[in-house]
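So the structure is just underneath, and the comments pick up after that.
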Amino acid sequence: MILAGDIGGTSARLAYFELRNGHLAVIAEQTYRSRDQATLESAIKKFVIEQNITVEVASFGIAGPVRDRKVVTPNLPWQVDAAVLERELGIAHVSLLNDLEANAHGLSELAENDYAVLAPGAPGAIGNRAVISAGTGLGEAGLYWDGAAHHPFPCEGGHADFAPTNDLQVELLQHLMKKFGHVSIERVLSGPGLYNVYQFLRDTGKGEEEPWLREEMKTQDPSACISQYGLSGKSPLCAFALDVFVDIYGAEAGNFALKAMALGGVYVGGGIAPKILSKLQQPRFIHAFKNKGRLGALLEQMPVRVILNDKTALLGAAHVALSYAGLATQAKAF
């Protein structure tokens, strides 16, 4: 039995998997609010006790850089150590990987209906791939193509600099520099980033905040409100903020595609993209993606897809654990 987890700044999703007919099948699953848990260990222990299932191997995709089988989460007050998890949970092997690396592994478990196509790219496109996912933060990962198979690798591109592409975005950068000092792309391309964009437009007089919206944001997630009323058009200011957000999303996806030379495709994941899919399917996202001057034609060749399956990172973590399952069984025999 395999234990896998998709651990983000908002939610910690845990699941048991087993292999059935060559495919990973979920046996039990539970989602916890990350900030309600003192540590990852406490969430896992709770799940293990609830399900009472014996585990051989485990793998967790975690938002943050993994080094020496350890990770200090940037959006949570957690320090996670694979060796500690093995000892405290009695599991033969625990793997820790970046959450976007887990997403990249999860692509191998998806079917065609798990995607929405934004741009078809060149027929039979093959080569490196890139995954970019805006959610609580911004994650990026690559998949190197060796001529026979893809090999996922983690990145921390979400903490690289925000690169404005027009006068309005330059003004946005200058505005946020006063607030944050260094402005990473995650400061504008994430759930909190969408709210930063909205506040900039509101506070610089580029749009007027409706009184009813101001009241609703006091009790509801502001970013969710912006997405909802931006898509519906009920709030012109929200619609404006969402347009700016989509422009930045497309541009950053194109930036990463060039850096990864992602001729095999660009995959847009995370919790935000499926919720604003209708907006991403409009021309502005792909226009910003391809607007790279002399290399615009190269980006035309790259397929661009939105990942619709919200279990992709969980499947990817389970996929990695599966590679250790045989080793764990052998270890128990000695």
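The values are calculated or read from the model by the stated rules, or taken from the named source; none is laboratory data. Since the structure is predicted, the reported quantities are computational estimates derived from the model, not experimental observations. Positions of Cβ are generated from backbone atoms using ideal geometry, with glycine treated the same way; all protein chains shown enter the neighbour counts. Ligands, DNA and RNA are stripped out before the accessible areas are found, and what is left, the full protein with its side chains, is counted by its heavy atoms. Shrake-Rupley method; radii C 1.70, N 1.55, O 1.52, S 1.80 Å.
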Exactly one of SER34, SER42 is closer than 27 Å to PRO192 by Cβ, modelled with pLDDT under 90, of a type in the set (Gly, Ala, Ser) and open to solvent by 20 Å² or more (accessible area, probe 1.4 Å), and that one is SER42
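Look at ARG214 and say whether it is out of contact with any Asp or Glu (no Cβ under 8 Å at 6 or more places or on another chain) and either farther than 22 Å from ALA241 by Cβ or buried (at least 20 other Cβ atoms within 10 Å of the Cβ) (or both). Talk me through it step by step, then tell me what you get.
Numbers: out of contact with any Asp or Glu (no Cβ under 8 Å at 6 or more places or on another chain): yes; either farther than 22 Å from ALA241 by Cβ or buried (at least 20 other Cβ atoms within 10 Å of the Cβ) (or both): no.
Answer is no for this residue.
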Review point. Open to solvent by 10 Å² or more (accessible area, probe 1.4 Å), under 29 Å from PHE60 (Cα atoms) and more than 20 Å from the chain's Cα centre (by Cα) - does that describe any residue in region 235-243?
Key: no
Selection over region 47-64 where residues are at pLDDT below 90, surrounded by 14 or more Cβ atoms within 10 Å (Cβ to Cβ) and of a type outside the set (Val, Ile, Thr) yields a count of 4
Here, strands (runs of 3 or more DSSP E) confined to region 77-174 with at least 2 residues that are in contact with a Cys (Cβ under 7 Å, 6 or more places away or on another chain) are 138-145
Output for Cβ contacts, cut-off 7 Å, separation at least six or different chains, first residue open to solvent by 20 Å² or more (accessible area, probe 1.4 Å) in region 309-324, second charged (D, E, K, R) and at pLDDT 95 or above, reads ASN309/ASP114
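Of all residues in region 265-291 being open to solvent by 10 Å² or more (accessible area, probe 1.4 Å) and not in a helix (DSSP H, G or I), which is nearest to ARG305 (Cα to Cα)?
Residues of region 265-291 open to solvent by 10 Å² or more (accessible area, probe 1.4 Å): 267, 270-272, 274-275, 277-279, 281-284, 286-288, 290-291.
Next cut, not in a helix (DSSP H, G or I) only: 267, 270-271, 281-282, 291.
On the way: TYR267: 5, GLY270: 12, GLY271: 14, GLN281: 10, GLN282: 13, ASN291: 18 Å.
Selected residue: TYR267.
Being among the aliphatic types (A, V, I, L, M) and either within 22 Å of the chain's Cα centre (by Cα) or within 15 Å of LYS311 (Cα to Cα) (or both) is the filter here; which residues of region 10-43 pass it? First the steps, then the outcome.
Going through region 10-43, the residues among the aliphatic types (A, V, I, L, M) turn out to be 12, 14-15, 19, 24-28, 38, 40, 43.
Listed by number, the residues that qualify are ALA12, LEU14, ALA15, LEU24, ALA25, VAL26, ILE27, ALA28, LEU40, ALA43.
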### Task
For region 170-187, indicate whether the set of residues that are in contact with a strand residue (DSSP E or B) (Cβ under 7 Å, 6 or more places away or on another chain), within 22 Å of THR10 (Cα to Cα) and of a type in the set (S, T, N, Q) is non-empty.
yes
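Would a scan of region 319-333 turn up a residue that is within 20 Å of GLY142 (Cβ to Cβ) and of a type in the set (Val, Ile, Thr)?
Start the filter on region 319-333 by keeping residues that are within 20 Å of GLY142 (Cβ to Cβ), which leaves 319-320, 323.
When the remaining residues are screened for being of a type in the set (Val, Ile, Thr), the result is 320.
Within region 319-333, one or more residues are within 20 Å of GLY142 (Cβ to Cβ) and of a type in the set (Val, Ile, Thr).
Could you list, in sequence order, the residues of region 114-131 that are out of contact with any Gly (no Cβ under 7 Å at 6 or more places or on another chain) and either in contact (Cβ under 8 Å) with a residue 40 or more places away in the chain or surrounded by 15 or more Cβ atoms within 10 Å (Cβ to Cβ) (or both)?
Going residue by residue through region 114-131, those that are out of contact with any Gly (no Cβ under 7 Å at 6 or more places or on another chain) are 114-120, 122-124.
Within region 114-131, ASP114, TYR115, ALA116, VAL117, LEU118, ALA119, PRO120, ALA122 meet the criteria.
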VAL55 passes all but one of the listed conditions (1) over 30 Å from ASP221 (Cβ atoms); (2) among the β-branched types (Val, Ile, Thr); (3) out of contact with any Gly (no Cβ under 9 Å at 6 or more places or on another chain); (4) in contact (Cβ under 8 Å) with a residue 40 or more places away in the chain; the exception is number (3)
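Can we say GLU86 is open to solvent by 10 Å² or more (accessible area, probe 1.4 Å), touching a residue at least 24 places away in the same chain (Cβ under 8 Å) and more than 19 Å from the chain's Cα centre (by Cα)?
Numbers: open to solvent by 10 Å² or more (accessible area, probe 1.4 Å): yes; touching a residue at least 24 places away in the same chain (Cβ under 8 Å): no; more than 19 Å from the chain's Cα centre (by Cα): yes.
So GLU86 fails the test.
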